Every structure is written in C-alpha cells, then in structure tokens.
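Enquirer: Dumping the structure here so I can ask a few things about it.
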Amino acid sequence: MFTGIIEDLGTVEEVKRTGKGALVSLATALPLSRISIGDSIAVNGACLTVVRKRRGVIAMDVSAETLRRTTLGALVVGERVNLERCLTLDKLLGGHLVSGHVDGTGRIVSITPEGDSKLYTFEVPAAQARYLVEKGSAAIDGVSLTVFAIVGRRFSAALIPHTLKLTTLGRKGPGAVVNVENDMLVKYVERILAGRSNGAAHKAAPQPAAIVSANKTAGAAHSARGRRIPS
C-alpha cells in the first residue's frame, strides 16, 4: 500500500529482459539501509519487489502482466522514474490509498499554465473513466492527484510547483503515456453493488414450470401428512 506522495526520482540503470518479464535496476537516493530484500516499492505507480540491492542501486523483477498493463516495458536507460516506499503505520497518509496495482495507461492531452501551477488534462480508456469522481483521487504515474472537470474519458488535475519539480510529470508533455490507477474504494463499491444486484435479480427470476410444479406437489404431500384421518 502506498500514498501517492513521491519520495525520490530514480534513474534507470539497466533493463534486462528475462523470458516474458524483466529485471530493472534503478539508481536511487532512498536510504538503502532501511530497504530490505522483499520490500515493495512503487515505480511510476506500479508495485514492484526489491530482489537485489547494492550501494545506491536497487533491482526489481517486473512480471509479464505488469509489462502489459503499464509503461514499464518502455523504460530506457537514463529515464527518470517516480519512487515511493510502501506505507507503514507511522507514516502520514498525505495523498490517498494507492495499491500499486495499475489499471492501465492513459495519456496527457494538454498542459496549460495557471500561475505557478499547471493544469494537466488526461484521457483514459472508457473502462477506467467510469471510476472517475469529481474531486476524487487518481494515481498518475504513482502521483496522487485530485480529479475534476470530468468530460467523457477526459479529466483535469492541477499540479503545483512542488509536484512538477519532484515527479516525472513535470518532465512530460502532451501525448506522453502515463500509468493510471483509479481509486480502489470506488472499485470495491462497484463490486459490492454488482453482487447485490445479481443476488436480487436471482431471487426475482421466475422459476421454471417443472420446479414450481414439484414445489406444489411437495407442499401438498406435506399438508396431507399433517392431517389426521378420523377413526
């Protein structure tokens, strides 16, 4: 679990293909003395597991599913990436709850200056757009952003100078592809409501005639056994 508050801008040192997956090595300023093998770190919003480390460098396996769903398959040496260590109980929840399970990719449509900040407009596939909520949250490349001005598959988010400076979003322009994770709470609510709807529909569905007839016959037999025959 993460918060969407980026801790470091790492640099890709090596991308090594391993069958259908990959091994990615990243240079980072994160305190490696506090990072253990097996720890989870979000890389551009995708939760990865640390499998190796050496001075100033961590290496993580990337599964085939992650390569399919995210932009990590397109990483090149020298590219900067957003890094965040997993949430602990003593850590402030400064953004929103982020699982690190990227739903898919979207793209930056436009960037408009607004004073010192910039207004970014993103576009996502329809399957992800249905989870957008006005003034809700979304993680873009692992960065927790507030969603507003939703129009179809597009929405806007305001990035302050601090975010522009300390994340990869400040280095990207229109047309750039980004990882998108929708608010997990919205997805859970949808799942729960869908389950209730299916349950109600099942109860309301008319029973086949054969079952209805069998139920009536069983009821009549039960009623007859309950009556005493006078002597």
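Nothing in this text is a laboratory measurement; each read-out follows from the coordinates by a stated rule. Because the structure is predicted, anything quoted here is derived from the model rather than measured. So basically every Cβ, Gly included, is an ideal-geometry build from the backbone, and we count neighbours across all protein chains shown.
Enquirer: Fewest first, what order do MET184, MET60, MET1 take by the number of other Cβ atoms within 10 Å?
Expert: Taking fewest neighbouring Cβ atoms as first place, the list is MET1, MET184, MET60.
Enquirer: Could you list ASP61, ASP90, ASP116, ASP8 so that the one with the fewest beta carbons within 10 Å of its beta carbon is first and the one with the most is last? Working shown, then result.
Expert: Numbers: ASP61 15, ASP90 5, ASP116 9, ASP8 19.
Taking fewest neighbouring Cβ atoms as first place, the list is ASP90, ASP116, ASP61, ASP8.
Enquirer: Continuing with this model, one more query. How high is the relative contact order of region 8-85, given as a whole-number percent (alpha carbon pairs under 8 Å, six or more residues apart)? Kindly include the intermediate steps, with their values, before the conclusion.
Expert: Details: 157 pairs, mean separation 31.1, N = 78.
This gives 40 percent for region 8-85.
Enquirer: Take HIS101, project a point 7 Å from its Cα along the Cβ direction, then tell me which residues of region 159-183 have their backbone nitrogen under 12 Å from it.
Expert: Those under the cut-off are 182.
Enquirer: In region 1-49, which trypsin sites (Lys or Arg not before Pro) are in a loop and have at most 13 other Cβ atoms within 10 Å, using DSSP for the loop call?
Expert: LYS20
Enquirer: For the chain, what is the number of Lys pairs with C-alpha distance below 25 angstrom, counting only pairs 8 or more positions apart or on separate chains?
Expert: Total qualifying Lys-Lys pairs in the chain comes to 15.
Enquirer: May I pose another question? Output needed: percent of Cα pairs per 5 Å distance bin for region 104-187, bins running from 0 to the one holding the longest distance.
Expert: It works out to 3, 16, 30, 29, 15, 6, 1, in whole percents.
Enquirer: Compactness ratio of the chain: Cα Rg over 2.2 N^0.38 Å, N = residue count?
Expert: Details: Rg = 25.8 Å, N = 231, 2.2 N^0.38 = 17.4 Å.
With N residues counted in the chain, Rg over 2.2 N^0.38 Å equals 1.48.
Enquirer: Here's something else I'd like to know. Dipole size in debye (nearest 20) for region 8-85 around its Cα centre, Lys and Arg Cβ +1, Asp and Glu Cβ -1?
Expert: 180
Enquirer: Follow-up. Relative contact order (percent) for region 104-187, with alpha-carbon contacts under 8 angstrom and 6 or more residues of separation?
Expert: Once divided by the residue count of region 104-187, the mean separation gives 38 percent.
Enquirer: Kindly express, to the nearest 10 degrees and within the range 0 to 90, the angle between helix 184-204's C-alpha long axis and the longest C-alpha principal axis of the chain.
Expert: For helix 184-204, the angle is close to 10 degrees.
Enquirer: How do HIS96, HIS162 rank when sorted from fewest to most other Cβ atoms within 10 Å of their own Cβ?
Expert: Exposure proxy ranking, most exposed first: HIS162, HIS96.
Enquirer: Between ARG171 and ILE35, what is 0.36 nm times their sequence separation minus the Cα-Cα distance? Round to one decimal in nm. Before the final figure, lay out each step's value.
Expert: Working: separation 136, 0.36 × 136 = 48.96 nm, distance 2.72 nm.
Full-extension gain reported as 46.2 nm.
Enquirer: Express in nm, to one decimal, how much length is gained between THR88 and ARG196 on full extension, taking 0.36 nm for each residue of separation and deducting their alpha carbon distance. Could you put the intermediate results ahead of the total?
Expert: On the way: separation 108, 0.36 × 108 = 38.88 nm, distance 3.36 nm.
Gain in length upon complete extension: 35.5 nm.
Enquirer: What does the helix-only formula give at 222 nm for the chain: each DSSP H stretch with n ≥ 4 adding -39500 (n - 2.57), the total divided by the residues, and the result rounded to the nearest 500 deg cm²/dmol?
Expert: -7000 deg cm²/dmol
Enquirer: Show the residues, 5+ positions off or on another chain, whose built amide H is closer than 5 Å to the amide H of THR146.
Expert: ALA158
Enquirer: Projected onto the charge dipole of the chain (+1 at Lys/Arg Cβ, -1 at Asp/Glu Cβ, origin at the Cα centre), which of ALA139, TYR120, LEU159 gives the Cα projection farthest towards the positive end?
Expert: Highest projection toward the positive end goes to ALA139.
Enquirer: If amide H atoms are built 1.01 Å from N in the plane of the peptide, which residues on other chains or at least 5 residues away come under 5 Å of the amide H of GLY104?
Expert: It is VAL180, by chain and number.
Enquirer: Report, largest value first, the span of the C-alpha coordinates of region 1-88 along each principal axis, in whole Å.
Expert: 31, 26, 22
Enquirer: Something else now. Quote the relative contact order of the chain in percent (integer), defining contacts as alpha-carbon pairs under 8 Å separated by 6+ residues.
Expert: Values: 457 pairs, mean separation 47.6, N = 231.
Taking the mean separation of contacting Cα pairs over the length of the chain, I get 21 percent.
Enquirer: Could you run the Karplus curve 6.51 cos²θ - 1.76 cosθ + 1.60 with θ = phi - 60° over region 166-181 and give me ³J(HN,Hα) per residue in whole Hz, x for Gly and Pro?
Expert: 9, 10, 5, 4, x, 9, 9, x, x, x, 5, 8, 10, 7, 10, 10
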